[in-house]
Amino acid sequence: MRHFIDLKDFDTGRLEAMLETAAQMKSGTDKSQPMAGKYVGMIFEKPSTRTRVSFEVGISQLGGTPVVLAASDLQLGRGESVADTARVLSRYLDAVMIRALRHETVTELAEYADIPVINGLTNLSHPCQIMADIQTILERLGSLKGIKICWLGDGNNVANSWIEAAALFGFELWLAGPEAYRPPAALLAWARAKGANITLTEDPVAAATDASAIVTDVWVSMGDEHGSRERDMQPFKATTKLMEKAQPDAIFLHCLPAIRGQEVEAEVIDGPQSAVFDEAENRLHAQKAIMAHIISENF
Ligand code: CP
Ligand code: NVA
């Protein structure tokens, strides 16, 4: 069974093919409906706006029927095992997307399911987001080859998927954030062994200088509410001053939701270099392409 759990489970050519499909779906040249007659579950253990709506609309546009399941409404929320949930859902559904508190829930669901599982964010990664982000960069800048991408702030789930993307797509990635919030060493080692050009720094100016994209995320991710992130991340705010260090045509990306005045100045996210709403729109197109490819590989 072919799942979509992490970017690193795929080779670059396969992800590029998905991005090509995403562009064709966005332009309307690909109107195929590979999910016709299929039912796709959407399990949410955490809140969501973009993932919730873009998957539901995307499944419908591909001809399928979404079945939205809040984890608290499922027996999963009362202690039914992930394995039994996977076995049962496989008898009704043709695929399942899950946003989970723990990454292991997604891998366990995939282990016991006879249907493809798509990761809609965990504590460790957010691969659908980075596919949409790359689609946005390709639209705005034409290519990922040789460009420098600057990540500011927390070494979180979104940063982890950027690290995987750097290993697969060959762009230069600088991550500027406090040493205590660095991404997992094992993931960095994997990426570097694949030849990724990744620099970790506590100097946001060095990271932003000549970058083609400045990317950030909330300082306090879902589940990270206890701690001193809001204080510790202060030097890594996306400011107009930092944007001035980047390439003149650099774009600003943020997966959203954003807190203006905290991780990003309003002038940046609402300014002319911001691509955050194209980025949000591209969740729809990128995920439709992911589902189309995953479905065609499995059925
Ligand atoms: N970017 C993102 O995944 O947004 P939601 O939490 O609203 O789904
Ligand atoms: N890092 C954020 C992303 C939200 C889409 C979180 O996990 O809350």
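Just checking, how many residues over segment 1-27 are at pLDDT 95 or above, among the hydrophobic types (A, V, I, L, M, F, W, C) and assigned to a loop (DSSP other than H, G, I, E, B)? Selection size over segment 1-27: 2. For the residues VAL88, VAL67, VAL96, the requirement of being part of a strand (DSSP E or B), more than 16 Å from ligand 1 (Cβ to nearest atom) and surrounded by fewer than 21 Cβ atoms within 10 Å (Cβ to Cβ) singles out VAL67. Residues in segment 259-299 that are part of a helix (DSSP H, G or I), more than 16 Å from ligand 1 (Cβ to nearest atom) and within 21 Å of GLN247 (Cα to Cα): ALA266, GLU267, VAL268.
LEU101: within 16 Å of ligand 1 (Cβ to nearest atom), in contact with a Gly (Cβ under 7 Å, 6 or more places away or on another chain), within 30 Å of LEU168 (Cβ to Cβ) and in a loop (DSSP other than H, G, I, E, B), yes or no? So LEU101 fits the description; yes.
Out of ILE149, ILE118, ILE198, ILE163, one residue alone is buried (at least 21 other Cβ atoms within 10 Å of the Cβ) and free of Cβ contacts under 8 Å to residues at least 60 places away in the same chain. It is ILE163.
Within segment 141-155, none of the residues are under 19 Å from ARG50 (Cα atoms) and within 16 Å of ligand 2 (Cβ to nearest atom).
The set of residues from segment 221-247 being within 25 Å of HIS103 (Cα to Cα), part of a loop (DSSP other than H, G, I, E, B) and in contact (Cβ under 8 Å) with a residue 40 or more places away in the chain comprises SER221, MET222, GLY223, ASP224, MET233.
The single residue among ALA280, ALA211, ALA250 that is within 16 Å of ligand 2 (Cβ to nearest atom), touching a Cys at 6+ places or on another chain (Cβ under 9 Å) and either among the aromatic types (Phe, Trp, Tyr) or at pLDDT 95 or above (or both) turns out to be ALA280. Restricting attention to segment 139-187 and to residues that are outside any loop (DSSP other than H, G, I, E, B), within 16 Å of ligand 1 (Cβ to nearest atom) and in contact with a strand residue (DSSP E or B) (Cβ under 7 Å, 6 or more places away or on another chain), the residue that is farthest from GLN262 (Cα to Cα) turns out to be TRP162.
The values are calculated or read from the model by the stated rules, or taken from the named source; none is laboratory data. Computed from a prediction, not measured in an experiment: that's the story for all the values here. Reconstructed Cβ throughout: ideal geometry from the backbone, glycine too, with neighbour counts over all protein chains shown.
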